[in-house]
């Protein structure tokens, strides 16, 4: 359609665009319905989850009663149930090719299972079972080779073909809660232990590299899948810390918004955002470079969220919680699902751009930032704000009344780091 | 001693010069020394002899080292010996025997001791540190990539486009086996019916059909097709070449040969297959008609005219003329057999004509006297009409046909006379036309109807002779009213261009109506399309009712009679004045009225004055007010009716400084309010947002519109491109070295600087993308 773009014919561009932006923001909030469905079937709290590396519709979950379930997300059904362990399923991971998966449990075993359900007349049995000496608390598979790592009192690196670990890495004596392979530089490992530290390992030299001791214990960590040296740690002190592994002295960003211990974290496959699960019964989405979350998900029935995963197509988020359910959320709350017509897509992009352009305008910001929170979280946030403010005031006062320079100003980033051990 | 000095190391050679000394002092073994130094011994004995041959008490010689050394045993062995100058010349530095040992000691001291092995912990730490440095270096090679990705305007995920591979069904099926009873049963059934279960999953028939089209065959077929295509292209090229040949003779010969060939074939066909022959005949008839419609054999060409002139004198020329005429006749002769067949086919086309011309004998087309070759003067006119109706193309064919018909009518007459007659006839026609303006007028009246059909022919028709009878023409004119509505539609569309603006226009339009027609006619010669359009417009105007029109037409014709053709022809083409619709004019009238109505309705309102007043008020309000601090009663008498003194008023009335000049003082039609609007302020940004450093930057970022209203489609797409694009249903794998083409090159050069500047840069990239986003 031929159009005349003479600016004189289309006056008031800023007010008109502002109106559009305001409408777009309002609509975004109106259509923000992130909750898609709940997968129920577990008979105890969901303790761990794993993504299928080749199939988007398949998700594995392990519960506190030792049961492992495989889910089909398109049908939102459980397609297979295995009684894998006695006691907790502590950790699970899928092999990079998607043919099998590993689980570790409280019964001191590592088990490898076929991804496909057993044929007719076949028994539901693991391919391999390794009986260890100690309890394994976590497991992760190498991204390219037939190697996996478990953690317990020490980090063990196993060859799939052997029943004894290739090497055991220790540094300190406390039990290690989670171990993760770097997805890009695949020889790198990160682990976090209950003695408040994060330790990095190199598989090639089979040595630990460096250790950071934080104020409180780190529960999990996750490597950025697009930036080799960046990882984020979910800490007990309600915060998440994004570190550059080359400069461990202070985290790159401190992400604070949770009001209780952060239990799990997972990066979006684009590496731009991550999702965190917390003991405060909410799930939050943080941009990697921002200190605060852009989204918070909660429902009335969702209890302490123990595990969370961001699906490999960057569209959905899965969280497993104490009350035995796995919930499926949209990663972008107001996104329209399904195929978009080109005009719809163009309109969506335009609206997105407008929202971005006018994001500093108070009305738009007010609408865009508005979120509903359950009262418990809301109150806790308020309380913590007061506490933080009090602490700040006290420090200010102390600084004011003491010799100049005697009380140094410590930045928020450095505050939480106790030491870096070489 | 010797051995000791040797054993101490490579310094033995340097010490040889001092070897005599230790022995002389009685440390070493004397015999050994004597043997070695015979000259020394001789000198000693010689000294003894010199002393007088007196044998002194034999001096005890100490041969081995003992703890107790007697003082008496100290010999003065060298006392009797002779001194040799040369010996004295040798340096007699007392050199302690321990010097070498000392040296060794110092050397040993200088050497660093091998340190104690480190403790296990420390050793591990060293290893860790080294490993950490190395690893962080390795990881640092991603720095450039990461920065690039963070700054990228748009990232499309997944980075590596995977090509979906489809596993063939056979492969899938071959791996699968029937296990459950149900499956086994089904398989059993399939086996029974000999259905294939595994590779290649084809029934025997299917296999056979596949076999039928083997690769060889397919190839062969392809080759054939290729060949056919090539041949076709050759043929096309050839045809094109032949078509380009300009030689008339060549074409004539070609045509003739073709015709002959066709005739022969037709005859053959007639014998073998009468049905096909009939079809062929029809085709031939079509060809003949085409030929007939062409101007080729009408004695109009250059050649024919020259022949006509020559015919009087030249016999050959005459013969040629005759031949030509004969050919013409042959062509124009209608084949009898076809006539009944032709009629139904033409019926729909001449529908209108047959309906509108009920008076004309219906059988005319069946027994056209012209076609029969029987010329008859009086019957001419109706026939013309008929032929008009008969042939689908009314205007175009008509003139030609007339010509032909005339010629045919004169065919009976002898050849010489025929020509002459022809000319005479033509002359006569011309005279008739000039002499009888009535007919001409009729013709002119007819014209408009035809214009729609063929504008180009109109002029030629006028110029050429048209022996149409007035009555007949009149009839035609009447029939013209019932022309297909399609033509009318077209007319309507083009009509809306012209407009009547005033009352006078309409009046002139009414009075000039007839004159216009003539003018249009004149113009038709010069610029046919324009004239035609104008004509149509006139028609449309009159299109209110057919009867009306008729009535109007008649006086118009009468008037036209007075206009000589010459005058019309000589008249220059004039610009046709655009006639207009009275409807439009009425609207215009109404518009004038409306204005009046509006002014009447809003007579009381003077908006301009109101505005002025408002502005004055705004100006007044904008002026700063003086502050009155006068308190009556202070320092003077107070009470009702008493005013404070002027002095006091002067003192306590504070006049504020004058306000800055108003922005709208030079704009009489504008009021600029500089007050802050609270309602608008709620929507405004109160402080500069973070990444911007100046408010201009921020304002600029807001000022530029991104919408499609202000930008072209392309620019709009570019401006609104999302920063991250993901595709539904695609798994996004973590980045790998293969995804980054310049990774290997960047790793070598870029790793180091990246590491060095990293601490500073580290936060920068995180902020940058945000800045770009605005």
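The values are calculated or read from the model by the stated rules, or taken from the named source; none is laboratory data. No experiment lies behind these values; they were computed from the predicted model shown. Note that each Cβ is placed from the backbone with ideal geometry, even for glycine, and that neighbours are counted across all protein chains shown.
So is residue A:228 surrounded by 23 or more Cβ atoms within 10 Å (Cβ to Cβ), in contact with a helix residue (DSSP H, G or I) (Cβ under 7 Å, 6 or more places away or on another chain) and touching a residue at least 40 places away in the same chain (Cβ under 8 Å) or not?
Numbers: surrounded by 23 or more Cβ atoms within 10 Å (Cβ to Cβ): yes; in contact with a helix residue (DSSP H, G or I) (Cβ under 7 Å, 6 or more places away or on another chain): yes; touching a residue at least 40 places away in the same chain (Cβ under 8 Å): yes.
The answer is yes for residue A:228.
Regarding residue A:163, is this residue over 26 Å from residue A:69 (Cβ atoms), in a loop (DSSP other than H, G, I, E, B), touching a strand residue (DSSP E or B) at 6+ places or on another chain (Cβ under 8 Å) and modelled with pLDDT under 95?
Working: over 26 Å from residue A:69 (Cβ atoms): yes; in a loop (DSSP other than H, G, I, E, B): yes; touching a strand residue (DSSP E or B) at 6+ places or on another chain (Cβ under 8 Å): yes; modelled with pLDDT under 95: yes.
It is true that residue A:163 is over 26 Å from residue A:69 (Cβ atoms), in a loop (DSSP other than H, G, I, E, B), touching a strand residue (DSSP E or B) at 6+ places or on another chain (Cβ under 8 Å) and modelled with pLDDT under 95.
Condition check ((1) within 58 Å of the chain's Cα centre (by Cα); (2) within 14 Å of another protein chain (Cβ to nearest Cβ)) across all residues:
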site	(1), (2)
B:100	no, no
B:118	no, no
B:127	no, yes
B:141	yes, yes
B:154	yes, yes
Exercise for the section: Please work out which residue is nearest to the other protein chains (Cβ to nearest Cβ), limiting yourself to the stretch A:352-373 and to residues that are under 19 Å from residue B:679 (Cα atoms) and part of a helix (DSSP H, G or I). Expected result: A:363
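Inspect all residues belonging to the stretch B:161-173 and state whether any of them is in a helix (DSSP H, G or I) and more than 30 Å from residue B:729 (Cβ to Cβ).
Among the residues of the stretch B:161-173, not one is in a helix (DSSP H, G or I) and more than 30 Å from residue B:729 (Cβ to Cβ), which makes the answer no.
Regarding residue B:614, is this residue part of a helix (DSSP H, G or I) and touching a residue at least 40 places away in the same chain (Cβ under 8 Å)?
Values: part of a helix (DSSP H, G or I): yes; touching a residue at least 40 places away in the same chain (Cβ under 8 Å): yes.
Considered against the rule, which asks whether it is part of a helix (DSSP H, G or I) and touching a residue at least 40 places away in the same chain (Cβ under 8 Å), residue B:614 comes out as yes.
Mind listing whichever residues of the stretch A:273-295 are surrounded by 20 or more Cβ atoms within 10 Å (Cβ to Cβ) and outside any loop (DSSP other than H, G, I, E, B)?
Residues of the stretch A:273-295 surrounded by 20 or more Cβ atoms within 10 Å (Cβ to Cβ): A:273-278, A:280-286, A:288, A:293, A:295.
Once the filter is applied, which keeps residues that are surrounded by 20 or more Cβ atoms within 10 Å (Cβ to Cβ) and outside any loop (DSSP other than H, G, I, E, B), the stretch A:273-295 yields A:273, A:274, A:275, A:276, A:277, A:278, A:283, A:284, A:285, A:286, A:295.
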Practice task
Determine, yes or no, whether residue A:287 is closer than 23 Å to residue A:419 by Cα and more than 8 Å from every other protein chain (Cβ to nearest Cβ).
Solution key: no
Handout entry: Qualifying residue in the stretch B:179-189 (condition: within 14 Å of another protein chain (Cβ to nearest Cβ), surrounded by 12 or more Cβ atoms within 10 Å (Cβ to Cβ), at pLDDT 75 or above and part of a loop (DSSP other than H, G, I, E, B))
Key = yes
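Quick one: which helices (runs of 4 or more DSSP H) sit completely within the stretch B:622-706 and have at least 1 residues that are surrounded by 12 or more Cβ atoms within 10 Å (Cβ to Cβ)?
Working: elements: B:646-652, B:678-681, B:695-703.
Ranges flagged: B:646-652, B:695-703.
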Exercise for the section: Scan the stretch A:7-55 residue by residue and report those that are at the interface with chain B (Cβ under 10 Å from one of its Cβ atoms), in a loop (DSSP other than H, G, I, E, B) and more than 24 Å from residue A:352 (Cα to Cα). Expected result: A:52, A:53, A:54, A:55
Problem - For residue A:309: the one exception among (1) in contact (Cβ under 8 Å) with a residue 60 or more places away in the chain; (2) under 30 Å from residue A:211 (Cβ atoms); (3) more than 14 Å from chain B (Cβ to nearest Cβ); (4) assigned to a strand (DSSP E or B) - result: (3)
Problem - All positions within the stretch A:42-71 that are under 21 Å from the mean Cα position of the chain (by Cα) and either surrounded by fewer than 20 Cβ atoms within 10 Å (Cβ to Cβ) or farther than 27 Å from residue B:733 by Cβ (or both) - result: A:45, A:54, A:55, A:56, A:57, A:63, A:64
Practice task
Specify which of the listed residues (A:184, A:213, A:176) is more than 8 Å from chain B (Cβ to nearest Cβ), farther than 21 Å from residue A:254 by Cα and touching a strand residue (DSSP E or B) at 6+ places or on another chain (Cβ under 9 Å).
Solution key: A:176
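Yes or no: residue A:414 surrounded by 10 or more Cβ atoms within 10 Å (Cβ to Cβ), over 25 Å from the mean Cα position of the chain (by Cα) and either in contact (Cβ under 8 Å) with a residue 12 or more places away in the chain or assigned by the TED database to the domain that holds residue A:294 (or both)? First the steps, then the outcome.
On the way: surrounded by 10 or more Cβ atoms within 10 Å (Cβ to Cβ): yes; over 25 Å from the mean Cα position of the chain (by Cα): no; either in contact (Cβ under 8 Å) with a residue 12 or more places away in the chain or assigned by the TED database to the domain that holds residue A:294 (or both): yes.
Judged against the criteria, residue A:414 is not a match.
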Practice task
Hey, can you tell me all the residues within the stretch A:256-272 that are within 14 Å of chain B (Cβ to nearest Cβ) and either part of a loop (DSSP other than H, G, I, E, B) or modelled with pLDDT under 95 (or both)?
Solution key: A:268, A:269, A:270, A:271, A:272
